[in-house]
Amino acid sequence: MQAILDETIGRLPGEIQAFVQRECCFLVLAPEGLGYTVHRDHLQEQPWLIILRADMDAADAPGVVAHEIAHAWLGHRVGHVPEEEDAALALVQTWGFTGPGAGWPEDDISEEDP
């Protein structure tokens with residue numbers, strides 16, 4: 001997973017790379033879903049925690065990692081808020097990523113999610 005993280009971060013615009021290096025940390029273990037971004041506290045002293053699945057398909061991983069980074073960059077909180085998902089998807093697409101992180105996976109998010 002480290003190689004995928006390095007490759008994905010290397011594809012991001014410079015200011016986003018600097019943000020990730022300064023403001024984000026990654027935990028690889030999530031048992032369900034593709035990834036999550038955990039909002040840091042209001043004091044902004046804690047990094048963004050991005051939790052990823054260890055068994056994620058290598059072809060899907062760069063788009064998913066970029067998607068979670070987009071949520072942190074945009075200041076989104078945990079949860080599937082449609083407007084926030086749309087904003088993260090659009091941003092990831094401008095960064096040139098494709099796959100599940102850049103488009104709605106059919107079985108990933110339902111309209112019943114909060």
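The values are calculated or read from the model by the stated rules, or taken from the named source; none is laboratory data. Only a predicted model underlies this, so the values are computations on that prediction, with no experimental measurement involved. Cβ coordinates were reconstructed from backbone atoms using ideal geometry, including for glycine residues, and neighbour counts include every protein chain displayed.
Please count how many residues of the stretch 52-79 are outside any helix (DSSP H, G or I) and surrounded by fewer than 16 Cβ atoms within 10 Å (Cβ to Cβ).
Keep residues of the stretch 52-79 that are outside any helix (DSSP H, G or I), which gives 52-60, 75-79.
Then keep just the ones that are surrounded by fewer than 16 Cβ atoms within 10 Å (Cβ to Cβ); that gives 54-55, 57-59, 75, 77-79.
Final tally of qualifying residues: 9.
Take the residues in the stretch 1-51 that are within 20 Å of residue 94 (Cβ to Cβ) and in a strand (DSSP E or B); name whichever of them is modelled with the lowest pLDDT.
In this case the residue turns out to be 37.
Give all pairs with beta carbons closer than 8 Å in which a residue from the stretch 68-89 that is free of Cβ contacts under 8 Å to residues at least 40 places away in the same chain meets a residue that is of a type in the set (S, T, N, Q); count only pairs at least 6 apart in sequence or on separate chains.
From the stretch 68-89, the pairs are 68/37; 71/37; 76/37.
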